[in-house]
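Here is the structure we will look at.
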Amino acid sequence: MDELRGLILSGGKGTRLRPITHTSAKQLVPVANKPVLFYGIEAMAQAGIRQVGIIIAPETGEEIKQVAGDGSRFGVEITYILQDEPLGLAHAVLTAEPFLGDAPFVMYLGDNLLQGGIQDLVTAFRTNEPDALILLTPVPDPENYGVAELDGDNRVTRLVEKPRDPPTDLALVGVYMFTRGIHDAARAIRPSRRGELEITDAIQHLVDHGRRVEPHIVRGWWKDTGRLDDMLEANRLILDAIEPRIEGELVDSTVDGRVVIEPGATLTRATVRGPAVIGAGARLTDCYVGPYTAIDANCEVRNAEVEHSILLAGSSVCDLDGRMESSLLGRNARVRRDTSQPRAHRFMIGDNSEIGIP
């Protein structure tokens, strides 16, 4: 088999994570203080893939280029591929055809997280040499996903996109492996009802024309980080596996469990219970940080309690009476108690925001 290439899709608008994604690409929202996109690039590198194409959109492409760079820090070479409009995953494959050429490739949705990476998938693809290999996992709500049916020989016979009456509970995970035949299949299909070239239709075209499409069942966890609850759950799963490391300064502070404290972070009369990660330059004073919290660079937590939350760079939580939990704060956001009179709640929040007040 020829050398594999990688294709990461990073052009979606992230409407389910607004208002965070009004000002930033959803693939750059951090999980455990690392952009989600980086996990996909690292998975490619660990599987021995060196040529990686990243599909970008006009609105967020420049930001992704600036953050991910040329790929050298990951041990790969990144080529950026502009998709003018989000016309479907199969359309993204066609857009990337000049980069991919005749090479077999792995396609990875840039807002997905997959435990253990893709090395097993690549090995299975190289060993069995099917025309396509798709990742599947059982889910409790298959009606929200592309769903696969298998025959007795463990081959894919039918794919259905978000079926009202799902034939199985096997959902497509956002990782696929293809040979060059997928390009012809993508050209052969028509747009779906939502006006997109669906990758499920392209794979079904392969099946209908006698091509061998094999499943690979995911044994570990998989997360699509498109919603707040999924982001928090992915953050929890990643933090569960971190190795403790303390490189910041502790002054009269207590750190319990698996905690990472990056260089330049300062903890003063603070308690941190892991798993948690505290970013470089963060300042924690007279506060409690509970499990499954990721505090990014240059954040401040003072006279407050925070748990099971993600704080993006430069944000702050100060002088709260109660505990903030299960929350996601955008870059440079501020949450604080206002002691001025008369007592009233004062907000400046973006579109599609949510605030809960006890």
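The values are calculated or read from the model by the stated rules, or taken from the named source; none is laboratory data. Remember, it's a predicted structure, so these values are computed and weren't measured experimentally. Cβ: placed from backbone, ideal geometry, glycine included. Neighbour counts: every protein chain shown. These accessible areas exclude ligands, DNA and RNA; they are computed on the full protein's heavy atoms, side chains included. Shrake-Rupley method; radii C 1.70, N 1.55, O 1.52, S 1.80 Å.
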Quiz item: Only one of (1) touching an Asp or Glu at 6+ places or on another chain (Cβ under 9 Å); (2) surrounded by fewer than 20 Cβ atoms within 10 Å (Cβ to Cβ); (3) farther than 17 Å from Ile246 by Cα fails for Gly264. Which number is that?
Solution: (3)
Practice problem: Provide a single number: the residues in region 34-48 that are touching a Leu at 6+ places or on another chain (Cβ under 9 Å) and farther than 17 Å from Gly69 by Cα. | Solution: 2
Quiz item: Any residue in region 304-315 that is out of contact with any Pro (no Cβ under 8 Å at 6 or more places or on another chain), under 17 Å from Lys34 (Cβ atoms) and modelled with pLDDT of 95 or more?
Solution: no
Exercise. Please verify whether region 204-213 includes one or more residues that are surrounded by 15 or more Cβ atoms within 10 Å (Cβ to Cβ), farther than 15 Å from Glu149 by Cα and over 22 Å from the mean Cα position of the chain (by Cα).
Key: yes
Exercise. Tell me, yes or no, whether region 238-248 has at least one residue that is in contact with a strand residue (DSSP E or B) (Cβ under 8 Å, 6 or more places away or on another chain), closer than 13 Å to Asn112 by Cα and modelled with pLDDT under 95.
Key: yes
Practice problem: Specify which of the listed residues (Asp165, Asp184, Asp153) is open to solvent by 30 Å² or more (accessible area, probe 1.4 Å) and part of a helix (DSSP H, G or I). | Solution: Asp184
Quiz item: Looking at region 218-228, which of the residues that are open to solvent by less than 50 Å² (accessible area, probe 1.4 Å) and among the hydrophobic types (A, V, I, L, M, F, W, C) is modelled with the lowest pLDDT?
Solution: Trp222
Practice problem: Among the candidates Pro275, Pro291, single out the residue that is closer than 22 Å to Leu328 by Cβ, touching a Phe, Trp or Tyr at 6+ places or on another chain (Cβ under 8 Å) and not hydrophobic (A, V, I, L, M, F, W, C). | Solution: Pro275
Exercise. Within region 296-324, work out how many residues are farther than 19 Å from Arg236 by Cα and open to solvent by 30 Å² or more (accessible area, probe 1.4 Å).
Key: 8
Quiz item: Could you list, in sequence order, the residues of region 267-289 that are farther than 23 Å from Val36 by Cβ and either more than 26 Å from the chain's Cα centre (by Cα) or open to solvent by less than 40 Å² (accessible area, probe 1.4 Å) (or both)?
Solution: Leu267, Thr268, Arg269, Ala270, Thr271, Val272, Arg283, Leu284, Thr285, Asp286, Cys287, Tyr288
